[in-house]
Structure formats: C-alpha cells, structure tokens
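Reading through the structure tokens given below for one structure.
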Amino acid sequence: MEPVQFGQYPPARRTLLHLSDTHLLAENRPLGGRFDTAANLRRTLHAVERLGIRPDAIVFTGDLTDLGEPEAYRELRAAVEPVAERIGAPLIWVAGNHDERPALRSELLGLDPTQEPVTGVWDLGGLRLIALDTTVPGWHHGDLDSEQLEWLRGLLASPAPLGTILAMHHPPLPSHIPLFDILELRDQSRLADVVAGTDVRAILAGHLHYSTSGTFAGIPVSVAAATCYTMDLARPAVDVNGMDAGQSFHIVHVYDDTITHAVVPVVEAQTGDYFSAEWVERMLALSPQERLEAFSRKPQTP
Ligand SMILES: [Fe+2]
Ligand SMILES: [Fe+2]
C-alpha cells in the first residue's frame with residue numbers, strides 16, 4: 001500500500017537499499033571452507049523482495065567477490081539482476097579490497113578491464129549518489145588518491161536538489177577491532193577536507209562485516225554488515241572472528257531534514273500477526289485524536 005503519514009514526518013522522499021560484502025567465489029566454493037556465500041546472498045535477496053517496495057537504488061558497498069574471479073562476478077550478476085529488475089531498482093556496484101577492478105569493470109559494468117578506479121555518479125530523482133573507489137590494487141587497506149579526491153571536489157562544487165550520499169567500501173570511522181586498524185582507509189583528513197561544508201548528507205560503507213555508525217567531518221556514516229558472514233562482536237575485540245549468523249542489510253530513508261538507516265536482519269523467525277494493511281486502513285479511517293485514543297491510550301488502572 002502507499003506510504004501513510006500518522007506523525008509529523010511526511011513519507012521519505014527517496015529509499016535506498018544498502019547491502020555489502022557478498023564475497024562470492026566462483027562455482028560457489030565455500031568461503032574460508034565454511035560459509036555458503038551464494039546461499040546467504042539468496043536469503044538476503046529473498047528478504048529484499050519481501051519488503052514489497054520499489055527502492056530508488058540498491059547499493060552494494062564492495063567486496064562483491066572474494067578473489068575477483070570473473071566467474072564470481074557473473075554469478076553475482078545472475079543472482080542480483082533479476083531481483084533488481086523485478087523491484088525496478090538500478091544497481092550500484094562499489095569496489096572493495098577483495099575485488100579486482102579489471103574483472104569487476106568487464107563482468108559487472110560492461111567496461112574495459114582496466115585498473116581505473118570504479119567510480120560513478122547517479123541522479124536518483126534529485127538525490128545525488130557518488131560511488132568512490134577506496135581500493136588499492138594489490139592491498140587490502142584503503143586509500144583515495146589526489147585524482148579521485150579532486151574529481152569529488154569538482155562534483156561537490158555544485159549541490160544537488162536533495163543533497164548527496166557517498167558510497168565507499170572502507171569506512172572513514174575507527175573500529176574497536178585491531179585487525180581493521182591495519183586495513184583502514186588511510187589519510188582520512190584529506191577526504192574530510194573535500195567533504196566538509198558540502199551537500200554530502202550521508203556516507204554508506206562496508207568492509208567491517210558488522211553494522212556500525214558514527215560521524216566523519218560532521219557527516220553521518222553508516223556501515224552495513226555483510227551478506228556472507230558477520231563478525232561475532234560478543235567477544236573481546238582481539239578474539240572477534242567471522243560467524244555464519246547475524247547477516248543484515250540496511251534500508252536508507254531520505255527525508256527532507258534527516259536520513260535514517262534501518263538494519264534489516266536476514267533471519268527466519270516466527271512473528272506475531274497483529275499489524276497488517278487492514279490495521280493501517282482502520283487507523284486511516286480515524287481522526288488523529290481517535291488514533292491516539294485507539295492506539296496510544298493506556299488502559300485505566302484501578
Ligand atoms: Fe569484506
Ligand atoms: Fe573489505
């Protein structure tokens with residue numbers, strides 16, 4: 001059904017789905033000998049379709065494949081494109097440290113297989129989305145060279161009607177897990193200098209395999225966990241390892257004055273059945289005061 005407004009905020013102007021770290025291997029070899037990344041992606045895509053929405057884009061923030069094999073990109077495309085087509089959403093692929101630019105470019109984007117950074121700009125009905133490439137060929141840590149930073153500076157010189165969202169793999173945030181310090185985005189102050197004071201309203205990232213958020217140069221940063229495996233954070237930081245559980249993705253709602261990032265768990269679990277489209281219809285038929293009486297009023301205590 002159409003979005004409704006029961007409170008002070010009109011429905012979101014734009015909606016994005018933010019997925020990350022699919023880490024596919026060719027012929028679906030198990031990742032690390034234990035994780036069925038294709039099955040876990042399928043479960044995630046099933047959850048995406050079950051949302052029953054038509055998002056303005058689906059953004060994958062990198063580590064699309066684990067080893068950059070051309071076949072793995074083809075398998076990723078075969079899994080994701082039909083879903084994107086059915087829900088009418090453009091796909092935005094961002095490169096991660098596990099990707100290889102030439103294969104990503106040729107197999108996912110139909111471009112020449114070069115080492116050029118995988119960047120792009122999308123106009124999503126006035127919302128500008130800019131994909132950055134934080135990868136460093138041959139390495140797992142992240143960096144942004146002067147050329148890419150100057151390209152970004154040039155784009156941001158003119159604002160977009162609904163503002164700008166950046167999508168990148170390595171988050172410009174600290175992690176409490178030591179291993180990620182080694183694989184961090186380096187020289188972050190240079191990026192801060194480019195984005196400060198611009199119309200960038202949010203930064204989407206991945207890489208950590210757990211969901212977290214913070215601010216960077218005053219801009220909210222949201223990291224989506226992975227579809228393949230996630231980090232078991234319920235441990236001392238030095239003992240954190242991957243587990244085949246806790247997979248999730250984000251629904252990004254873009255409002256006039258704020259952007260929210262809702263974490264969607266990918267899990268099969270029993271739910272209640274109290275709320276439904278019929279329930280919303282019943283509420284719609286009431287006046288705001290009647291709705292408060294019907295749903296907010298606590299029972300009288302004797
Ligand atoms: Fe990853
Ligand atoms: Fe990564």
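The values are calculated or read from the model by the stated rules, or taken from the named source; none is laboratory data. Everything numeric here is computed off the predicted structure, so don't read it as measured data. Here Cβ is always computed from backbone atoms with ideal geometry, including for glycine, and neighbour counts include all displayed protein chains. These area figures cover heavy atoms from the full protein model, side chains too; ligands, DNA and RNA do not enter into them. Shrake-Rupley method; radii C 1.70, N 1.55, O 1.52, S 1.80 Å.
For this structure, a couple of remarks:
- Filter result for L149 (touching a His at 6+ places or on another chain (Cβ under 9 Å) and at pLDDT 95 or above): no
- Among the residues of region 186-200, not a single one is touching a residue at least 60 places away in the same chain (Cβ under 8 Å) and either within 16 Å of ligand 1 (Cβ to nearest atom) or open to solvent by 60 Å² or more (accessible area, probe 1.4 Å) (or both).
- Any hit, region 4-17, residues being closer than 19 Å to S248 by Cα, buried (at least 16 other Cβ atoms within 10 Å of the Cβ) and within 16 Å of ligand 1 (Cβ to nearest atom): no
- Single residue of region 18-31 satisfying the filter (surrounded by 15 or more Cβ atoms within 10 Å (Cβ to Cβ) and assigned to a loop (DSSP other than H, G, I, E, B)) that is nearest to ligand 2 (Cβ to nearest atom): D21
- Any hit, region 3-16, residues being out of contact with any Phe, Trp or Tyr (no Cβ under 9 Å at 6 or more places or on another chain), part of a loop (DSSP other than H, G, I, E, B) and polar (S, T, N, Q): yes
- Selection within region 44-68 - surrounded by 15 or more Cβ atoms within 10 Å (Cβ to Cβ) and not in a loop (DSSP other than H, G, I, E, B): T44, L45, A47, V48, A57, I58, V59, F60, T61, T65
- Taken as a whole, region 119-134 holds no residue that is in a helix (DSSP H, G or I) and open to solvent by less than 50 Å² (accessible area, probe 1.4 Å).
- Matching residues in region 254-288 - criterion: being of a type in the set (S, T, N, Q) and open to solvent by 90 Å² or more (accessible area, probe 1.4 Å): Q270, T271
- Candidate set: region 204-253, residues that are open to solvent by 30 Å² or more (accessible area, probe 1.4 Å) and within 13 Å of the chain's Cα centre (by Cα); chosen: the one farthest from ligand 2 (Cβ to nearest atom): H253
- Among the candidates L152, L111, residue that is surrounded by 12 or more Cβ atoms within 10 Å (Cβ to Cβ), assigned to a helix (DSSP H, G or I) and out of contact with any Phe, Trp or Tyr (no Cβ under 8 Å at 6 or more places or on another chain): L152
- Flag if H23 is touching a helix residue (DSSP H, G or I) at 6+ places or on another chain (Cβ under 7 Å) and modelled with pLDDT of 95 or more: yes
- Checking every residue in region 48-58 against the condition of being over 21 Å from the mean Cα position of the chain (by Cα) and without any contact (Cβ under 8 Å) to a residue 12 or more places away in the chain gives zero matches.
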